[in-house]
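Data block below; observations after.
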Amino acid sequence: MEIVRFRWWHIAEVLPLEEDLFGAEKWSAAMFWNELAQRHFYVVAEEDGGVLGYAGLSVTDDTESWVQNIAVRRDAQKRGIGRRLLETLLERAGGRKVLLEVAVDNAPAQHLYATYDFEPVGIRRGYYQPSNTDALVMMRDA
């Protein structure tokens with residue numbers, strides 16, 4: 001498995017992953033195109049030419065960055081891929097503090113983030129739509 005830059009041709013491969021993992025709250029192709037157009041930092045985990053997962057980071061200024069998303073195909077989970085993707089984003093963030101939003105009911109993701117010193121700093125009520133699920137905002141200091 002290797003981590004490579006996310007390119008426009010990866011979009012078609014990540015859309016089914018989005019559908020499977022996030023259902024009605026999935027990102028559209030246009031959302032990924034926008035992230036790439038904004039020059040946000042995105043990577044994919046590839047193996048044998050297929051995408052196992054992806055992750056994105058938005059660097060907002062010299063002091064702050066936001067994890068946009070991390071997703072790993074169901075049949076590739078529990079292999080450390082999410083961890084590798086997160087480590088790649090944290091390396092890219094450099095000395096900036098890093099923030100993210102995670103569904104309040106996603107305990108495995110929260111546990112992963114906590115192992116990298118992310119701490120809860122707030123709640124965004126009804127953040128995920130259409131399910132109206134709250135998001136836990138977590139932050140890791142620089």
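The values are calculated or read from the model by the stated rules, or taken from the named source; none is laboratory data. Keep in mind the model is a prediction, meaning the values are calculated, not measured. Ideal geometry is used to build each Cβ from the backbone, glycine not excepted, and the neighbour counts take in all protein chains shown.
For this structure, a couple of remarks:
- Unique match (being touching a residue at least 40 places away in the same chain (Cβ under 8 Å), hydroxyl-bearing (Ser, Thr, Tyr) and either more than 18 Å from ILE3 (Cα to Cα) or touching a His at 6+ places or on another chain (Cβ under 7 Å) (or both)) among TYR113, TYR128: TYR128
- Residues of segment 95-119 that turn out to be part of a loop (DSSP other than H, G, I, E, B) and farther than 21 Å from ALA45 by Cβ, as a count: 5
- Per-region count, segment 14-48, residues of a type in the set (D, E, K, R), surrounded by 13 or more Cβ atoms within 10 Å (Cβ to Cβ) and either assigned to a helix (DSSP H, G or I) or free of Cβ contacts under 8 Å to residues at least 40 places away in the same chain (or both): 5
- Yes/no for PRO130 being exposed (fewer than 12 other Cβ atoms within 10 Å of the Cβ), at pLDDT below 95 and either within 14 Å of the chain's Cα centre (by Cα) or outside any loop (DSSP other than H, G, I, E, B) (or both): no
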